[in-house]
Amino acid sequence: MKIPGDFPSDSSPRNAEDLQFLEEPTDPDRPVLDGLATPVGDDEPLRIDDEDRYGRLRLIPWWRQERLAASKVMVVGAGALGNEVVKNLGLVGVGTIVVIDFDRVEPTNLSRSLMFRREDAGRPKAEVLVERLAQLNPEVRGHAIAGDVIHDVGLGLFAEMDVILGCLDNREARLWVNRQARRAGVPWIDAGIQEMHGAIKLFTDPNAACYECGLTDADYRALNTRYSCPLLSRDDLQRGKVPTSPTIAAIIAALQAQETLKLLHGLPVAHGCVLVFNGVGNLMFQSRLPVNPHCLGHEDRLSWIPLALSHNAAVSDLFAHLRRLEGSRFDPGSDDPTSQALTLVLERELVTTIDFGTNRPPRRVMKPRDRVGLSEAIDPRDGSTGRPITLDRVREGSLEANWALAELGIPARDVVWVERSDGAGAWFLLSDDQPVLETHRAGDPRR
Ligand SMILES: [Zn+2]
């Protein structure tokens with residue numbers, strides 16, 4: 001399902017005083033929040049059925065259960081916020097919920113994550129959360145990706161979503177989600193918490209501010225410091241431990257989930273705004289985030305050509321496929337293919353080998369740069385540190401073109417850029433034969 005009129009172009013709040021969710025909707029068919037009392041249409045007859053799980057929800061005049069059942073929401077992060085968001089969206093019957101997290105359950109999570117149990121320790125958070133979601137509401141299709149949102153989630157999967165929710169604790173993942181959400185043309189809502197404070201940011205209109213609009217030079221310096229060290233895996237980093245409690249997580253996640261419900265119903269939201277809750281003084285305020293005209297992340301929605309090709313195919317198969325694609329700019333009929341070798345451009349830089357100098361064999365690595373630890377670059381014979389050799393382009397006819405796209409770090413249902421030597425190119429969606437959204441319902445056999 002796509003939200004009708006999603007990403008409206010002219011529905012941003014017009015000024016700071018106007019930020020009361022009272023703006024006129026752009027779509028005349030959209031329901032209007034009129035004191036939350038006026039039914040918005042009689043297309044869905046009022047049902048009072050005590051056996052109906054959603055009976056009380058259906059009494060809300062603008063509620064459309066079938067619309068929620070057809071919706072797909074991606075929840076990035078299965079920590080305290082992710083637990084609360086999934087609980088709320090699961091209770092109300094959002095049809096498909098995709099949960100992404102590479103972490104595993106630890107005892108310290110138990111004080112803030114209502115869906116985790118002591119016996120879950122050591123298991124992937126995403127899988128546990130989806131399993132509990134199925135128990136909470138068997139009508140919801142849950143899908144867990146126990147992986148990293150940067151490396152393990154294709155752009156095509158982002159594009160299948162109606163809303164993306166950031167329940168993250170780090171800037172890099174937010175930056176990535178922001179860029180992918182914009183490229184996919186899907187609204188996303190970010191949330192952050194600390195002690196008794198929290199905020200949500202609504203990046204729900206391509207013409208309003210995006211996450212990256214708010215990054216300062218100091219933020220970019222911090223991100224670049226991370227990349228200036230050639231080998232620094234996530235494990236080597238001292239991840240920030242932010243003090244949080246289950247109360248602030250519940251408050252902020254509930255706001256995030258409620259804004260999601262408004263978006264899914266086509267109700268007006270404060271596009272490009274931040275909603276801040278100060279739990280010390282119980283103050284809540286909302287302000288519009290400024291658009292940075294020089295923003296690096298303010299990308300437009302991409303358009304791509306779907307290919308019946310899996311990410312397990314070799315790069316040479318991709319090139320051969322494109323050569324046969326009638327009417328494309330890679331079609332030999334439209335140009336001289338021999339003079340225009342194709343190049344696959346990698347979005348995620350790959351460390352292929354560690355070079356230990358002459359007379360020593362290189363060590364094959366084949367991992368994204370931020371997954372290569374310093375320990376992997378050390379030569380056990382003398383403790384010297386080798387040099388990472390990275391790859392960001394694969395040219396037609398090269399040795400690397402024999403490798404599978406997956407080996408090059410391209411996840412399932414990703415969108416890849418292929419260009420000719422004159423720079424002309426196109427985006428292609430790897431529509432794998434296997435559906436990514438395998439669903440999990442209660443009663444499914446588990447490992
Ligand atoms: Zn921006």
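Here are some notes:
- Scanning region 209-229 for residues that are at pLDDT 85 or above and either β-branched (Val, Ile, Thr) or over 14 Å from Leu296 (Cβ atoms) (or both) turns up Thr216, Ala218.
- Residue within region 437-447 that is hydrophobic (A, V, I, L, M, F, W, C), in a loop (DSSP other than H, G, I, E, B), surrounded by fewer than 16 Cβ atoms within 10 Å (Cβ to Cβ) and at pLDDT below 55 present: yes
- Taking the criterion of being in a helix (DSSP H, G or I), within 11 Å of the ligand (Cβ to nearest atom) and out of contact with any helix residue (DSSP H, G or I) (no Cβ under 7 Å at 6 or more places or on another chain), the residues of region 174-213 that qualify are Arg179, Arg182, Cys213.
- Filter result for Ser398 (hydroxyl-bearing (Ser, Thr, Tyr), under 30 Å from Asp432 (Cα atoms) and modelled with pLDDT of 85 or more): yes
- Counting only residues that are under 25 Å from Asn224 (Cβ atoms), assigned to a loop (DSSP other than H, G, I, E, B) and among the small types (Gly, Ala, Ser), region 370-387 holds 2 of them.
- Scanning region 287-306 for residues that are over 22 Å from the mean Cα position of the chain (by Cα) and either surrounded by 17 or more Cβ atoms within 10 Å (Cβ to Cβ) or away from the ligand (no atom under 16 Å from the Cβ) (or both) gives Ser287, Arg288.
- Test: residue in region 136-153 that is assigned to a helix (DSSP H, G or I), buried (at least 24 other Cβ atoms within 10 Å of the Cβ) and aliphatic (A, V, I, L, M): no
- For Ala209, the conditions (1) in contact with a strand residue (DSSP E or B) (Cβ under 7 Å, 6 or more places away or on another chain); (2) of a type in the set (Gly, Ala, Ser); (3) buried (at least 20 other Cβ atoms within 10 Å of the Cβ) all hold with the exception of (1).
- Flag for Arg360 being buried (at least 16 other Cβ atoms within 10 Å of the Cβ), in contact (Cβ under 8 Å) with a residue 12 or more places away in the chain and not hydroxyl-bearing (Ser, Thr, Tyr): no
The values are calculated or read from the model by the stated rules, or taken from the named source; none is laboratory data. All of these numbers come straight from a predicted model, not from anything done at the bench. We place every Cβ from the backbone using ideal geometry, glycine too, and count neighbours over all the protein chains shown.
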